[in-house]
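The values are calculated or read from the model by the stated rules, or taken from the named source; none is laboratory data. Because the structure is predicted, anything quoted here is derived from the model rather than measured. Positions of Cβ are generated from backbone atoms using ideal geometry, with glycine treated the same way; all protein chains shown enter the neighbour counts.
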Amino acid sequence: MDESFRRRLSFVSAILLVAAALIVYRLVSLQFNVDTEYFAFTALTEYRYQVTVRPPRGELYDRNGVLLATNTVDYDIGLSPILIYDPESTADQLAEVTGLPRDDLLEDMTSQEEYVQLIHRAPASIGQAVQELDLDGVVVTPIPRRYYPHQVMASHILGFVSYEDIGYYGVEGYYDDLLAGQVLVDDQSRIPFEATGGEGWRSGSDLYLTISSEIQYLAEDTLGKALEETGAKSGEILVLDPETGDILAMASLPAFDPNRFYSQDAKLFSNPAINAQFEPGSIMKVLTMAIALDDGVVSPDSTYNDTGVIEVGGIEVFNWDRVAHGVTTMTDLLGKSLNVGAATLSLRTGPTRFYAGLENFGIGKLTGIDLQGEVSGQLRKPGNADWHESDLATNSFGQGLAVTPLQIVTAIAAVANDGLIMQPHIVRQRVDPDGTVTTFEPTVLGRAVSAETTQALNRMLATALERESSLALVPGYTIAGKTGTAEIPIPGGYDPEKTIATFVGYGPVADPQFIVLVKLDEPTSSRWGSQTAAPVFSYFVERLVVLMEIPPDNPAALAEGQ
Amino acid sequence: MTEQQPNGNWFRQAIRQAPWRTQTQASSLVLAVVVMVAVIGALYLAQASRTAAAGRRLQELEVQREVLEQQNEQLRAEIAALRSVPRLIDEAQDLGFHNAKQDEVDYIVVEEVPAALGAPPTPVPTVTELVPTYDETLDGWLSEQMAVFREHFGLFWQRTFGKGGPPPDG
């Protein structure tokens, strides 16, 4: 063989060998990540993407397992025009399912934009139908949404969840972290070889509330009718189990639809039952009497001479009817709702013991309810710069201080519960994603008055209602309660026309299973609680006892139709 | 005529490897290496293919799960809306029912039967068992195959030679 040919052959062979070696090296380095820096960076930018996995938000149920808040999905529907190969067919199918004009769709498909949005937050029926068409270039993006199947019902209790998945107001706001679960921000790869299940997120916990959807509906229905009949502009009905502090219903009107929070008046979002302060008026006399009885200042058999007016700190206090009632029993003081009598009691009790008693009932303090936005009310006490001697008298019949509806009903519930003041709460049970069930047990906040005091007061309140033939009476049931007509403070005094009419009552007196507060703001049919709130209470409780399956404790009265 | 004398070199001559034999051995060695590399490559490729296929399947299942969860949520929401109190009351009224009044209710008090608003029933949670993470490697797969082989071989040994069996691992 020619020597020159041999050399050339060897040279070419060497070159090919080197080339082959380089290729093998590259294959090995690519396959086994020997040279990773550049390719890792390229992979990160080209093949990896970041996703935020929002776990399903915990659901809300009532005490009987009725679903109150759940999750659903809306869909954003859009086009990537460059990926559409058959515009005519795509437009035909899309137009049929979405109802969008075919010509508009065809025009969108000729757009030079990378993405054209067709529908923002389409309902699931449309979104899923488009998804099933599986059309090239049509992008269907699911967007989670909170859904409240009962719409307006219990909206102030539940609150709402924004499009950013943040809970506001009510339970949604208070328990937002618990309900939201653990969000996962995850790097994911488009390469199947590196696919992972995206582990690491945690669903939100489910919450079982203390409310009963049936009682809540009854309360809202009753309140709606009451507003219509009395001309009141707003109102609340609260129902509690005095023994446990369970809130069975908390109705406030006007309400809002949490499904459409974005279009609602933001002023409606606050829950007036926990953050609307008002001067409670005569329902406060229940607490004044309880404090006086408990301190031994008076007994159920005590009397006082009602002169129709009493001067305290330079201010004259009159009865609502401006009449002197003479020698009056404690029961008649309550039945006739006499301001002079209440002021007499607070004066006899003295400021130190009177205000300590109010604080024991939780007046001026947060109840600690597990709802977002509670306020504490206002109670001026001796030692405060703005406290005046006359406050001792006016506070005794519910003027010159402010409470929330929940605060006053919680305080009076202590009278129905042997003097023990219970923590009002709205969440009964929590179920974590791992199946752990946590039950929130009733919590005693303290003792307001003795059991003997409450037993005496229960009898007095029940007797007072019967003596006055109150419109709040419920045939077949012994009810203890008190009306209230609170004047509305305005700069320089009180509004001469407008009032807040209230009635708070509980029953059956021997073993109270419910306490109900009815509050009507600025009724026009009558300014008095005894004529507006009291009959609403009776109407409501007649139906409530059926729902709660409470048999009559006075069947004879039921037979007589009393 | 001369007689051929036995030569001492004939044996060495006989056993000396012919050039073709040396070449064959070298070729065989190269071929064995190539085959081994090919087998390892094939195993690795098979493993990689399986992993990729599983990954792709996982991605498809993820998408499918997401769609099913969305449909499930939608159905739950629809059921909840159909079971809402206002709707049920409307339906009941359409059917001629009305809310029970006090004089239409007869109570039979039975001791130790909880009232309607007793403690709510404890919910029964449903905990989904998660599928274990797919983490098979080539080493793991080979070890698994070896373990299966040893097990089968052990059984074969026992059946064929009775008690005893091959020495244990290690």
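Comparison of A:Thr483, A:Thr499, A:Thr532 shows that the only residue that is closer than 21 Å to A:Thr331 by Cα, away from chain B (no Cβ under 14 Å) and touching a strand residue (DSSP E or B) at 6+ places or on another chain (Cβ under 7 Å) is A:Thr483.
Annotation note: Cβ proximity below 7 Å between a residue of segment B:37-49 that is in contact (Cβ under 8 Å) with a residue 24 or more places away in the chain and a residue that is surrounded by 10 or more Cβ atoms within 10 Å (Cβ to Cβ) (sequence gap 6+ or interchain) occurs for B:Leu43/B:Leu138; B:Tyr44/B:Leu138; B:Gln47/B:Leu138; B:Gln47/B:Trp141. Within segment A:412-436, if we keep just the residues that are surrounded by 23 or more Cβ atoms within 10 Å (Cβ to Cβ) and among the small types (Gly, Ala, Ser), the residue that is nearest to A:Ala510 (Cα to Cα) turns out to be A:Ala416. Evaluate segment A:275-283: report whether one residue or more is assigned by TED's automatic domain parsing to the domain that holds A:Ser390, surrounded by 18 or more Cβ atoms within 10 Å (Cβ to Cβ), over 29 Å from A:Gly377 (Cβ atoms) and of a type outside the set (A, V, I, L, M). No.
Tell me, which strands (runs of 3 or more DSSP E) lie completely within segment A:283-367 with 2 or more residues that are in contact (Cβ under 8 Å) with a residue 12 or more places away in the chain and out of contact with any Gly (no Cβ under 8 Å at 6 or more places or on another chain)?
A:309-312, A:315-318, A:326-329
Suppose the filter is hydroxyl-bearing (Ser, Thr, Tyr), closer than 26 Å to A:Val140 by Cβ and buried (at least 17 other Cβ atoms within 10 Å of the Cβ); does A:Tyr61 pass it? No; evaluated as a whole, the condition is false for this residue.
Selection of segment B:76-103 for residues being assigned to a loop (DSSP other than H, G, I, E, B), over 29 Å from A:Arg57 (Cβ atoms) and either more than 7 Å from chain A (Cβ to nearest Cβ) or not small (Gly, Ala, Ser) (or both) yields B:Leu95, B:Gly96, B:Phe97, B:His98, B:Asn99, B:Lys101. Pairs meeting the criteria (first residue in segment A:174-188 and within 12 Å of A:Arg430 (Cβ to Cβ), second residue modelled with pLDDT of 85 or more and assigned to a helix (DSSP H, G or I), beta carbons under 9 Å, at least 6 apart or on different chains) are A:Leu179/A:Val171; A:Leu179/A:Glu172.
Residues that are modelled with pLDDT of 90 or more, buried (at least 17 other Cβ atoms within 10 Å of the Cβ), within 28 Å of the chain's Cα centre (by Cα) and not β-branched (Val, Ile, Thr) occur at least once in segment A:545-560. Here is a list of conditions, (1) within 14 Å of chain B (Cβ to nearest Cβ); (2) assigned to a loop (DSSP other than H, G, I, E, B), and A:Gly398 meets all of them except one; can you say which number that is? Result: A:Gly398 fails condition (1) only. When A:Thr328, A:Thr352, A:Thr344 are screened for being in the same structural domain as A:Phe397 (by TED's automatic domain parsing), touching a helix residue (DSSP H, G or I) at 6+ places or on another chain (Cβ under 7 Å) and at pLDDT 90 or above, only A:Thr328 passes. Considering the conditions (1) surrounded by 14 or more Cβ atoms within 10 Å (Cβ to Cβ); (2) modelled with pLDDT under 90; (3) farther than 28 Å from A:Glu172 by Cα; (4) within 14 Å of another protein chain (Cβ to nearest Cβ), A:Val130 is excluded by exactly one of them, (2). Cβ-Cβ distances below 6 Å connect the following pairs, each with a first residue in segment A:395-411 that is surrounded by fewer than 24 Cβ atoms within 10 Å (Cβ to Cβ), a second residue that is assigned to a helix (DSSP H, G or I) and among the charged types (D, E, K, R), and a separation of six or more residues or different chains: A:Gly400/A:Asp391.
Please specify each residue of segment B:56-75 satisfying the condition of being facing chain A (nearest Cβ under 9 Å) and either in contact (Cβ under 8 Å) with a residue 40 or more places away in the chain or among the β-branched types (Val, Ile, Thr) (or both). Matches in segment B:56-75: B:Leu58, B:Val67.
Would you mind stating whether A:Glu96 is of a type outside the set (Lys, Arg) and within 14 Å of another protein chain (Cβ to nearest Cβ)? In short, no. Can A:Pro123 be described as under 30 Å from A:Leu248 (Cβ atoms) and over 15 Å from the mean Cα position of the chain (by Cα)? Spelling it out, it is not the case that A:Pro123 is under 30 Å from A:Leu248 (Cβ atoms) and over 15 Å from the mean Cα position of the chain (by Cα). A:Asp521 meets the stated requirement of being within 23 Å of the chain's Cα centre (by Cα) and either among the hydrophobic types (A, V, I, L, M, F, W, C) or at pLDDT 90 or above (or both). The criterion of at least 1 residues that are within 14 Å of another protein chain (Cβ to nearest Cβ) is met, among strands (runs of 3 or more DSSP E) falling completely within segment A:415-464, by A:427-431, A:437-439. If you go through segment A:133-182 and keep only what is of a type in the set (S, T, N, Q), closer than 13 Å to A:Phe269 by Cα and buried (at least 18 other Cβ atoms within 10 Å of the Cβ), you end up with just A:Ser155. Looking at segment B:124-163 only, could you name the residues that are at pLDDT 55 or above, within 14 Å of chain A (Cβ to nearest Cβ) and not in a helix (DSSP H, G or I)? Hits for segment B:124-163 are B:Tyr134, B:Asp135, B:Glu136, B:Thr137.
Residue count for segment A:82-104 satisfying the condition of being in a helix (DSSP H, G or I) and in contact (Cβ under 8 Å) with a residue 40 or more places away in the chain: 5. How many residues are within 23 Å of A:Ser125 (Cβ to Cβ) and either touching a helix residue (DSSP H, G or I) at 6+ places or on another chain (Cβ under 6 Å) or of a type outside the set (A, V, I, L, M, F, W, C) (or both) when one looks only at segment A:139-164? Residues that pass the stated criteria total 14. When A:Val140 is tested against the conditions (1) among the β-branched types (Val, Ile, Thr); (2) in a strand (DSSP E or B); (3) in contact with a Leu (Cβ under 7 Å, 6 or more places away or on another chain), the lone failure is (3).
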